[in-house]
Amino acid sequence: MADLPIKEGLFHIPESPDDKPYLTGSRCRVCGYASFPKKEVCVKCRRNDTVEEIKFGPYATLENFAVMRVGPPGFPTPYVIGYVRMKEGPLIFTPITGCEARDDALEVGEEMELIIEKISEDRQGNNLIAWKFKPTGRKVP
């Protein structure tokens, strides 16, 4: 079956090993505020003629995380979710992969890398893919 993004336009799916994933957001050319997902109007200064599309990623810093021991149907538990701060500015709520689902598995301030990965399947058996972050093993100074 096919790999289908959970929603078109939120992220870039790499097409080769040298291609890196990124999230698609926006930045206001006047006040500099960055948003994810992409907005048509700046949420800070409310201008609609100054917003441009930008790419976020692939690196971020872990701001906070939690281990989820109960989840929605179709999501195996336990799993890790958290907030990461993109180098370009926005704070992103995200699933975290590549680590054990333990309270001591990650450290706030740890560098995270964006990946695109299967999160579920639809009724037709297609893979639903979305963004996740995984630890790089490096601390951000």
Log entry, pairs with first residue in the range 15-28 being over 12 Å from residue 88 (Cβ atoms) and in contact (Cβ under 8 Å) with a residue 12 or more places away in the chain, second being assigned to a loop (DSSP other than H, G, I, E, B) and β-branched (Val, Ile, Thr), beta carbons closer than 8 Å, six or more apart or on different chains, reads 21/13; 28/50
When residues of the range 1-37 are limited to those that are out of contact with any Pro (no Cβ under 6 Å at 6 or more places or on another chain) and of a type in the set (Lys, Arg), the one farthest from residue 53 (Cα to Cα) = 7
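Given the options 136, 94, name the one that is closer than 22 Å to residue 21 by Cβ, of a type in the set (Val, Ile, Thr), more than 12 Å from the chain's Cα centre (by Cα) and modelled with pLDDT of 95 or more.
136
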Just checking, which of 66, 105, 130, 60 is of a type outside the set (Asp, Glu), part of a loop (DSSP other than H, G, I, E, B) and touching a strand residue (DSSP E or B) at 6+ places or on another chain (Cβ under 9 Å)?
-> 105
Tell me which of these residue 45 doesn't satisfy, since it passes every other one: (1) in a strand (DSSP E or B); (2) free of Cβ contacts under 8 Å to residues at least 40 places away in the same chain.
-> (1)
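I need the full set of residues from the range 20-34 which are assigned to a loop (DSSP other than H, G, I, E, B) and farther than 19 Å from residue 113 by Cα, in order please.
Once the filter is applied, which keeps residues that are assigned to a loop (DSSP other than H, G, I, E, B) and farther than 19 Å from residue 113 by Cα, the range 20-34 yields 29, 30, 31, 32, 33.
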Being small (Gly, Ala, Ser), exposed (fewer than 15 other Cβ atoms within 10 Å of the Cβ) and assigned to a loop (DSSP other than H, G, I, E, B) narrows 125, 98 down to just 125
Identity of the residue in the range 44-71, under 17 Å from residue 117 (Cβ atoms) and either among the polar types (S, T, N, Q) or at pLDDT below 95 (or both), that ends up surrounded by the most Cβ atoms within 10 Å (Cβ to Cβ) = 57
Looking at 76, 72, 17, 37, which one is under 12 Å from the mean Cα position of the chain (by Cα) and assigned to a loop (DSSP other than H, G, I, E, B)?
-> 37
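The values are calculated or read from the model by the stated rules, or taken from the named source; none is laboratory data. Quick caveat, the model's predicted, so the values are computed rather than measured. Cβ: placed from backbone, ideal geometry, glycine included. Neighbour counts: every protein chain shown.
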